[in-house]
Amino acid sequence: MNPLDFERIVAGARTTGRDLADAVIDETAVAYLGDLPSASMTEFSYHGARFLFDATEGMDRTVLAIGTPSIVDRSREASYQRAFPIADTCAGRPLDRGHLLPHTAGGGYGPNLFAQDRALNRGWSADGREYRRMERLAVAAPPGTFLAVVLIYIDRSALPGFVQLAILGPDGGESRLFRNRFDVVDDADRLTAELNAATDAQLGALGEEATAVFVEENLGAILVALGDAGMPRTEGRQDLDLAVIVDDELTALEVKTRYRSALAGRLTRAGNLRRPRLRRTQHGGRQASQSYVADRIGGIVDTADGYHGVRVQIVVIDLVLMLIQFFDVTDDGRRLAPSAPPTPCETSVEVALARIHAHRGRL
């Protein structure tokens with residue numbers, strides 16, 4: 001089933017004077033039956049919303065929910081929600097019991113629940129933030145506005161491949177398609193799909209791995225240590241992102257990965273990536289200062305008497321522009337200066353993504 005053309009549906013309903021919800025339900029049923037003509041489709045109302053459900057034996061899955069969300073005071077039926085059967089993960093990504101129509105806006109349980117990618121459901125990714133934005137917009141919309149949620153399946157399971165959200169009113173609407181499954185993704189779409197669905201921790205891990213690929217292949221660097229954002233930390237410490245040897249010199253690299261921040265996709269007038277602001281540590285120093293590095297590099301070099309520090313660089317990797325740039329940092333971690341212009345890095349990011357998938361099966 002392909003995504004619905006809601007712009008056409010709204011325009012058609014406006015022209016003919018037809019009820020908009022009826023038009024959406026009919027168009028959804030036609031599209032679904034086009035792929036599964038033997039499906040046993042049924043329509044019913046629940047918690048003030050209208051649902052289209054495939055009751056075919058062995059299928060039992062919701063196809064569409066459409067209603068007018070509103071803020072309600074209703075407690076969650078936690079025991080019912082926990083008992084709703086879903087798999088724990090798909091392609092290594094955790095799943096939630098998501099609501100088609102938001103529970104906080106009047107959506108109930110039963111047919112209103114489905115297996116949803118956790119990062120999408122909780123707003124942890126770029127797609128997740130957009131998904132939540134649209135839900136909030138629908139709740140705050142004026143009377144007569146509908147929220148339509150279409151689950152688009154890619155096989156005969158109850159786990160949808162995509163979720164299509166649409167906010168529909170008499171004068172038009174807004175529609176967006178969100179990926180819900182990552183076990184079947186075209187190679188050409190893999191990087192974009194993963195970036196839009198990644199949490200901050202996953203983006204950070206990708207940035208570190210991509211930097212490792214870049215310095216190995218372009219600078220001839222030897223990796224000494226590489227952090228892994230998926231590993232547990234001890235005693236609240238965070239190890240260096242990378243320690244490498246370049247031209248016989250040990251260099252500590254702190255990686256700043258951008259994709260969703262306000263600085264992502266932006267260059268300065270001089271053509272550089274925007275310099276990051278280095279945070280203060282709990283001990284009063286700044287991230288990437290010599291004292292900060294010395295406290296974390298003891299397992300690599302002797303930082304006792306005679307230690308004079310190592311070269312420290314900040315690496316900014318922008319996953320919107322697909323550029324990487326290295327900045328030298330002063331010993332106190334206060335000032336940064338570009339050591340070279342930004343360089344394209346998309347190939348390094350793709351290699352890094354493949355490495356991470358090979359290592360743990362997911363980003």
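Which whole-number percent gives the relative contact order of the chain, counting Cα pairs below 8 Å spaced six or more residues apart? For the chain, the relative contact order is 12 percent. Phi angles of the stretch 337-352 translate, via the Karplus equation with coefficients 6.51, -1.76, 1.60 and θ = phi - 60°, into HN-Hα couplings of 9, x, 9, 6, x, x, 10, x, 9, 4, 4, 5, 5, 5, 5, 4 Hz per residue; Gly and Pro are given as x. Full extension of the chain between D35 and T268 yields a length gain of 78.9 nm, computed as 0.36 nm times the residue separation minus the alpha carbon distance.
Does anyone have the angle between helix 20-35 and the longest principal axis of the chain? Alpha-carbon axes, 0 to 90°, nearest 10? Roughly 80 degrees, rounded to the nearest 10.
From the Kirkwood radius over Cα pairs of the stretch 198-360, Stokes-Einstein at 10 °C and 1.306 mPa s returns a whole-number translational diffusion coefficient of 98 µm²/s. Computed from Cα positions, the angle between helix 187-197 and the longest principal axis of the chain comes to roughly 90 degrees. What FRET efficiency comes out for the pair T16/S339, r = Cβ-Cβ distance, R0 = 56 Å, nearest 0.05? With R0 = 56 Å, the Cβ-Cβ based efficiency is 0.30. Ratio of Rg to Rh for the stretch 104-208: 1.00 [Cα atoms; Kirkwood radius as inverse mean 1/r over pairs]. Summarising the amide proton neighbourhood of K256: residues at separation of 5 or more, or on other chains, whose placed amide H is nearer than 5 Å comprise V315, V316, I317. Report, as a whole number in µm² per second, the diffusion coefficient that Stokes-Einstein gives for the stretch 121-180 at 20 °C and 1.002 mPa s using the Kirkwood radius over alpha carbon pairs. D, rounded to a whole number, is 174 µm²/s.
Segment E217..T89, full-extension length gain: 42.6 nm, with 0.36 nm per residue of separation and the alpha-carbon distance subtracted.
At R0 = 56 Å, how high is the FRET efficiency between V301 and V184 if r is their beta carbon distance? Nearest 0.05 is fine. Walk me through the intermediate numbers first.
Details: r = 46 Å, r/R0 = 0.83.
Plugging the Cβ-Cβ distance into 1/(1 + (r/R0)^6) gives 0.75.
Going by alpha carbons, how many degrees (0 to 90, nearest 10) lie between the helix axis of 6-16 and the longest principal axis of the chain? On a 0 to 90 degree scale, this one is about 30. The alpha carbon gyration tensor of the stretch 6-187 gives principal lengths a ≥ b ≥ c with a/c below 1.5, which makes the shape rounded. Scanning the chain for GluC sites (Glu not before Pro) that sit in a DSSP loop and have at most 14 other Cβ atoms within 10 Å, the longest stretch containing none of them is 78-234. All C-alpha pair distances within the chain, sorted into 10 Å bins from zero, spread as 5, 21, 25, 19, 15, 11, 4, 1, 0 percent across the bins.
Since every read-out is calculated from the coordinates, none of them should be taken as a lab result. Small disclaimer: the values here were computed from a predicted structure and weren't measured. FYI the Cβ positions are ideal-geometry reconstructions off the backbone, even for glycines, and counts take in every protein chain you see.
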